[in-house]
Amino acid sequence: MTRDDVEALILSLPATERGSAYGMPAFRTAGKFLTRIRSEDDSVVIHLDNLDERELLIEMDPGTFFFTDHYRNHAMVLARIGSVQPDWLRAMMARRWRRVAPKSLQKAHPTLPGEPSGA
């Protein structure tokens with residue numbers, strides 16, 4: 001994937017727009033932080049359910065997944081844009097969107113790209 005591909009994927013989610021977080025470019029859904037693309041290592045920040053999920057991803061594909069000291073104590077992983085699988089990223093962004101989008105917005109969009117019907 002390219003950075004443009006990742007941005008297009010993120011911006012395809014309803015009510016999602018470019019914004020900032022701590023002075024860095026980021027993406028927000030209905031004003032809530034969704035993710036950001038890190039220019040310092042050309043990666044995208046992925047929120048996970050727990051640290052075990054992160055460790056599994058890194059073990060399975062250390063060329064794609066990693067974290068920095070900043071994320072050490074957080075259930076987040078960084079995914080290198082050049083090697084992350086588009087379908088996986090689409091599903092993870094849909095999952096994150098479901099966590100931050102207001103219930104009314106979720107109800108208006110019962111299915112997102114990357115989700116099975118009725119998610």
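Quick note: the coordinates plus some simple rules give every number you see, no bench work behind them. All values reported here derive from a predicted model rather than from experimental measurement. Note that we place each Cβ from the backbone using ideal geometry, even for glycine, and neighbour counts take in every protein chain shown.
When peptides 55-64, 83-92 are sorted by average Cβ neighbour count within 10 Å, with the highest value leading, the order is 83-92, 55-64. Dividing the summed -39500 (n - 2.57) terms of all DSSP H runs of n ≥ 4 by the residue count of the chain sets its mean residue ellipticity at 222 nm at -10000 deg cm²/dmol. Please report the relative contact order for region 17-62, taking Cα pairs under 8 Å with a sequence separation of at least 6, and give it as a percent rounded to a whole number. Relative CO of region 17-62 lands at 19 percent. In order along region 73-79, the Karplus-derived 3J(HN,Hα) couplings, from 6.51 cos²θ - 1.76 cosθ + 1.60 at θ = phi - 60°, round to 9, 10, 6, 9, 9, 9, 10 Hz, and Gly and Pro are given as x. The phi-based Karplus calculation (6.51 cos²θ - 1.76 cosθ + 1.60; θ = phi - 60°) puts the 3J(HN,Hα) values of region 10-24 at 5, 6, 6, 6, x, 6, 9, 8, 5, x, 8, 9, 6, x, 10 Hz, whole numbers, x for Gly and Pro. Projecting the Cα atoms of G82, A108, L34 onto the dipole axis of the chain, where Lys and Arg carry +1 and Asp and Glu carry -1 at the beta carbon, places A108 farthest toward the positive end.
For the options A108, A94, A15, a Gaussian network treatment of the chain with springs between C-alpha atoms closer than 10 Å singles out A108 as fluctuating the most.
As a calculated quantity, the FRET efficiency between S104 and D69 at R0 = 41 Å, using C-beta atoms, amounts to about 0.60.
Sorted on the mean count of surrounding Cβ atoms within 10 Å across their residues, most packed first, peptides 96-103, 67-74, 21-28 read 96-103, 21-28, 67-74. Amide H contacts for I81 (H built 1.01 Å from N in the peptide plane; partners 5 or more residues away or on another chain; cut-off under 5 Å): S43, V44.
For region 1-103, calculate the relative contact order in percent as a whole number, restricting contacts to Cα pairs under 8 Å that are 6 or more residues apart.
For region 1-103, the relative contact order is 28 percent.
Within the P(r) computed for region 3-101, what percentage of the Cα pairs occupies the region above 22 Å? When every Cα pair of region 3-101 is considered, 22 percent fall beyond 22 Å. This model, with +1 at the C-beta of Lys and Arg and -1 at the C-beta of Asp and Glu, gives region 3-101 a dipole about its Cα centre of some 520 debye.
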